[in-house]
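Below is one structure, written out as structure tokens; the observations come after it.
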Amino acid sequence: MATRRRERGNEDESAKSNGGGRTGGDLEADRAAAPGGSLQWGPVREPVPVPPHGTYFCPPPAFGPGMDAEEWVEDLEDFLRVSGIPTKDHGAVGRRLLTAPVRRELYPPGQVRDDSFEELKKRLLNAYGPEESLEMLTDRFDALRQREGQSIQQFAQEVAELGRRAGVSERDL
């Protein structure tokens, strides 16, 4: 603390001795001296901090059932934009931010997948987006049939997803 006091004392002495004894307060009193001084008259624009290249931004939490899909997609888009991740990698980054069960549901193993971010958004919002009415879900469930070339496991996942969205437990299906 003693060194701080000494430093402050030195600052006080230098302020008193600069410019013939003038201090910043004297410039306000003498308006004629202001244009040649270092004070700026009028509004001051604050610099906007720009993060340096390579700054790390935290991604949104991994998406899981029960989360708001639309809000999560918006958070992910913001993260991808500020992080400077190349557009071609947005889909892969988004998939890595899905919980394992959601990733398996949206991208079943063995299925040919489209790596685009638009495809990820479409699949996620179709599965977890704004809720459909119970009547619409029932109609979709009644029309559900196993497609040619679709494995039993894939069909079971589709049935389970529709059941989940309708509020039916897997045991009751």
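The numbers here are math on the coordinates, done by the rules we state, and not lab data. Bear in mind the structure is a predicted one, so any value in this text is a computation, not a measurement. Note that we place each Cβ from the backbone using ideal geometry, even for glycine, and neighbour counts take in every protein chain shown.
Looking at the stretch 66-89, which of the residues that are surrounded by 13 or more Cβ atoms within 10 Å (Cβ to Cβ) and among the β-branched types (Val, Ile, Thr) is farthest from the chain's Cα centre (by Cα)?
Only one residue tops the list, namely ILE85.
Can you report the number of residues in the stretch 136-149 which are farther than 25 Å from GLY64 by Cα and not basic (Lys, Arg)?
6
Working only within the stretch 103-121, note down all residues that are under 20 Å from PHE79 (Cα atoms) and either over 17 Å from the mean Cα position of the chain (by Cα) or of a type in the set (Phe, Trp, Tyr) (or both).
Hits for the stretch 103-121 are ARG103, ASP115, SER116, PHE117, GLU119.
So which residues in the stretch 101-124 are among the small types (Gly, Ala, Ser) and farther than 20 Å from ILE152 by Cα, if there are any at all?
SER116
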